[in-house]
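The values are calculated or read from the model by the stated rules, or taken from the named source; none is laboratory data. Since the model is a prediction, treat every value here as computed from it, not as a measurement. Because the Cβ atoms are built from the backbone with ideal geometry, glycine has one as well, and the counts that use them run over all protein chains shown. Protein only, heavy atoms only, side chains kept; ligands, DNA and RNA dropped before computing areas. Shrake-Rupley method; radii C 1.70, N 1.55, O 1.52, S 1.80 Å.
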Amino acid sequence: MARSMSGESLMSRVVRIYEAFGPEHRAVTLSELARRSDLPLATASRLVNELIDYGWLRRDAQRRICIGVRMWELASRAAPTFGLQEAAIPIMSDLHAAIGHHVQLGVLHEREVLYIERLSASRSIRNKVHLAGRLPLHASSTGLVLLAHAPAELQEAVLAGSLRALTTHTLVEPDRLRSSLSEIRRTGIAYCPGYVDECATGIAVPVRAAGGRTVAALSLVLPNNASARSAIPALRAAGLGISRLLGGATEFRATA
């Protein structure tokens, strides 16, 4: 594979170009892309033009660079979460119609939550999470459900690491987090008022596949008030419905 004078491979440079995009950077200028990918402008320009020729990148009406439709098509075909999303979306749609606020589906990726589906409405409470966005595992209802059912080694690694507070309500003390994870395993639900945003409450339940393995977390983001708890039965039913389609548990069972 062709390498630059610095010894860096072509593939690693292309990967850096793609990693320059994100929920807050869906369309960028060439100079911004070169800066974010730490590439010389001439190198970025050459690689971008080649990727545009393949349909893996594109330019919008303002000549900004975006992910190409061809790349989206290939990624969608091969997405490891495709079966999960296919099972979840109809049930998420029904839950969203009933609740009227954000409904999200997140999976564990390394030490973060990766949000793979989200349904929203114009009147929904503000939400700091975007589709394909990420949050630390300790900081949100979705993340806490996933962390509660993660291997013990991952739990200890997260608890021993840097626990950043997103608000004054985010749990950052290891002992309190251990207690919270135990409670989530016991009750099957994470209730997190003000953890990500002072104005919002996150509530999440596990989604299980065959063998009872937790493969995702289904969550709601609601206004941070006393009425938020009234959505728990509908959320729990939706989580069980998705789990049933995936061959998981058909009823809630507390775990130690």
Exercise for review: Check segment 138-145 and report whether any residue there is surrounded by 14 or more Cβ atoms within 10 Å (Cβ to Cβ) and more than 30 Å from R244 (Cβ to Cβ).
Suggested key: no
**Study point:** Residue within segment 111-124 that is of a type in the set (D, E) and either under 22 Å from R229 (Cβ atoms) or more than 12 Å from the chain's Cα centre (by Cα) (or both) present
**Key:** no
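Which of the residues that make up segment 127-148 are in a strand (DSSP E or B) and aliphatic (A, V, I, L, M)?
L135
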Review point. Just for strands (runs of 3 or more DSSP E) wholly inside segment 149-256: which have at least 1 residues that are free of Cβ contacts under 8 Å to residues at least 40 places away in the same chain and open to solvent by 20 Å² or more (accessible area, probe 1.4 Å)?
Key: 190-193
Check your understanding: Looking only at segment 24-47, which residues are basic (K, R) and surrounded by 16 or more Cβ atoms within 10 Å (Cβ to Cβ)?
Key -> R36
Point to revise | Only listed residue being at pLDDT 85 or above, within 30 Å of G241 (Cα to Cα) and open to solvent by 60 Å² or more (accessible area, probe 1.4 Å), chosen from E50, E86 | key: E86
Check your understanding: Just checking, how many residues over segment 222-250 are in contact with a strand residue (DSSP E or B) (Cβ under 8 Å, 6 or more places away or on another chain) and among the basic types (K, R)?
Key -> 2
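Whether any residue in segment 122-134 is at pLDDT 90 or above and either crowded, with 18+ Cβ neighbours inside 10 Å or farther than 30 Å from L57 by Cβ (or both) is what I want to check.
There is no residue in segment 122-134 that is at pLDDT 90 or above and either crowded, with 18+ Cβ neighbours inside 10 Å or farther than 30 Å from L57 by Cβ (or both).
Select the strands (runs of 3 or more DSSP E) contained entirely in segment 4-121, then report the ones holding at least 1 residues which are touching a helix residue (DSSP H, G or I) at 6+ places or on another chain (Cβ under 9 Å) and over 30 Å from A200 (Cα atoms).
It comes to 57-59, 65-67.
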Review point. Residue check, D197 against (1) closer than 14 Å to L137 by Cα; (2) at pLDDT below 95, all met but one. Which one?
Key: (1)
